[in-house]
Amino acid sequence: EGSGEEAELYTEYKGVYLPTNIHPQESLKYYEEFTFRHDDILIVTYPKSGTTWMQEIVPLVQNGGDLTPVLTIPNWDRVPWLEEHRACVLNLEQRASPRQFATHFHYNMMPVSFFTVKPKVIYVIRNPKDVFTSSYHYYGMASYLVKPGTQDQFLQKFINGKVMFGSWFDHVKGWLNAKDQDRTMYISYEEMIFDLKDSVSKISQFMGKSLDSEVIEKIADQCVFKNMKQNKMSNYSLVPNEFMDQNKSEFLRKGIAGDWKNHFTVAQAEYFDAVYKDKIKDIKYKFVWD
Ligand code: A3P
């Protein structure tokens with residue numbers, strides 16, 4: 001374990017692997033020293049849980065359904081990741097409130113200002129078997145990540161947290177058991193699949209934006225999978241092929257709940273469920289898929 005490829009491509013930071021070229025020391029320091037504002041909105045996810053989807057919804061809600069930002073600004077500049085290198089060069093300090101950010105950090109990796117200023121958090125959670133399936137395809141096409149190997153090999157790495165941003169189990173445990181839950185909205189990928197309009201409405205209430213039902217409908221329509229797939233500013237088609245080879249697997253790949261059923265063997269699912277049951281036993285949260 002910890003092969004040469006890992007050492008070459010990843011940095012170990014606060015106990016988790018981060019892809020080095022996206023998260024150089026400079027950007028990690030920037031985040032450590034970052035000053036939040038109370039009205040910032042922070043989208044928090046474990047990778048492959050619906051980050052890009054939320055990077056579409058939140059700006060649309062904020063702008064009252066005006067499509068301009070999502071049709072003109074790439075998702076990574078529209079709602080930047082605070083731990084990515086780009087954050088240092090985007091002049092985030094100059095942005096007007098309420099600012100919108102994303103992060104994949106675990107709760108216990110957050111900078112000091114997060115705990116004192118208490119920005120708003122939208123935590124998106126997804127069935128881990130679907131997170132695994134989505135990740136497996138993504139690791140196969142993104143050249144900045146260690147090749148996944150066979151599905152069995154990748155399952156082992158995923159369960160042991162030997163993947164970027166560490167263990168899914170630790171991530172959800174940290175955020176779901178967070179002390180300051182009053183400023184946090186929890187929403188699942190599955191709820192959004194089941195009823196996107198209702199989800200957009202809940203998100204707008206949380207953000208303190210009261211929107212007419214036509215506006216909610218317009219936002220939900222822009223954010224359905226088939227429409228988001230057409231949006232060049234959200235489908236990662238601006239990223240060069242050498243970095244993400246979408247001929248191998250598209251970034252907006254399938255966009256459904258339960259695709260794991262098409263990929264897990266019975267043995268893999270049973271194994272996963274046994275590990276899952278053990279690892280989540282001290283989380284007080286009702287997962288929609290259980
Ligand atoms: P799949 O690989 O299962 O299709 P993230 O943005 O956190 O990296 O997550 C990517 C996953 O979210 C991918 O899952 C992607 O297709 C899915 N996704 C992105 N936008 C979506 C949308 N509008 N509706 C449904 N799924 C979406």
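The values are calculated or read from the model by the stated rules, or taken from the named source; none is laboratory data. A quick note: this is a predicted structure, and the numbers were derived from the prediction, not measured. Cβ coordinates were reconstructed from backbone atoms using ideal geometry, including for glycine residues, and neighbour counts include every protein chain displayed.
Does Lys218 fit the bill of being away from the ligand (no atom under 15 Å from the Cβ) and either small (Gly, Ala, Ser) or in contact (Cβ under 8 Å) with a residue 24 or more places away in the chain (or both)?
Working: away from the ligand (no atom under 15 Å from the Cβ): no; either small (Gly, Ala, Ser) or in contact (Cβ under 8 Å) with a residue 24 or more places away in the chain (or both): yes.
No.
If the condition is being closer than 24 Å to Pro19 by Cβ, in contact (Cβ under 8 Å) with a residue 24 or more places away in the chain and in a loop (DSSP other than H, G, I, E, B), then segment 71-105 contributes Ile73, Pro74, Val79, Leu82, Glu83, Glu84, His104, Phe105. Annotation: of all residues in segment 120-144 being within 12 Å of the ligand (Cβ to nearest atom) and of a type in the set (A, V, I, L, M, F, W, C), the one that is surrounded by the fewest Cβ atoms within 10 Å (Cβ to Cβ) is Met141.
Filtered by the rule that a residue be in contact with a Leu (Cβ under 7 Å, 6 or more places away or on another chain) and crowded, with 16+ Cβ neighbours inside 10 Å, segment 230-264 gives Asn231, Met233, Asn235.
I'd like to know if segment 106-119 contains one or more residues that are part of a helix (DSSP H, G or I) and either within 16 Å of the ligand (Cβ to nearest atom) or in contact with a helix residue (DSSP H, G or I) (Cβ under 6 Å, 6 or more places away or on another chain) (or both). Scanning segment 106-119, I find at least one residue that is part of a helix (DSSP H, G or I) and either within 16 Å of the ligand (Cβ to nearest atom) or in contact with a helix residue (DSSP H, G or I) (Cβ under 6 Å, 6 or more places away or on another chain) (or both), so the answer is yes.
Anything in segment 129-170 that is part of a loop (DSSP other than H, G, I, E, B) and of a type outside the set (Val, Ile, Thr)? List them, or say none. Step through it out loud before you land on a result.
Keep residues of segment 129-170 that are part of a loop (DSSP other than H, G, I, E, B), which gives 143-150, 160-163, 165-167.
Result: Ser143, Tyr144, Leu145, Lys147, Pro148, Gly149, Asn160, Gly161, Lys162, Phe165, Gly166, Ser167.
Counting the residues of segment 1-56 that are more than 30 Å from Ile219 (Cβ to Cβ), of a type in the set (Asp, Glu) and outside any strand (DSSP E or B) gives 7.
Please go through segment 173-201 and pick out each residue that is more than 16 Å from the ligand (Cβ to nearest atom) and of a type in the set (Lys, Arg). Quick ask: steps written out before the conclusion?
At the first step, the residues of segment 173-201 found to be more than 16 Å from the ligand (Cβ to nearest atom) are 173-174, 176-185, 201.
Result: Lys173, Lys179, Arg183.
Among the residues making up segment 235-262, none is within 22 Å of Glu190 (Cβ to Cβ) and either away from the ligand (no atom under 14 Å from the Cβ) or at pLDDT below 95 (or both). Could you tell me whether Pro19 is within 13 Å of the ligand (Cβ to nearest atom) and not hydroxyl-bearing (Ser, Thr, Tyr)? Considered against the rule, which asks whether it is within 13 Å of the ligand (Cβ to nearest atom) and not hydroxyl-bearing (Ser, Thr, Tyr), Pro19 comes out as no. Listed conditions (1) part of a loop (DSSP other than H, G, I, E, B); (2) touching a residue at least 40 places away in the same chain (Cβ under 8 Å); (3) out of contact with any Asp or Glu (no Cβ under 8 Å at 6 or more places or on another chain) are all met by Ser234, apart from (3).
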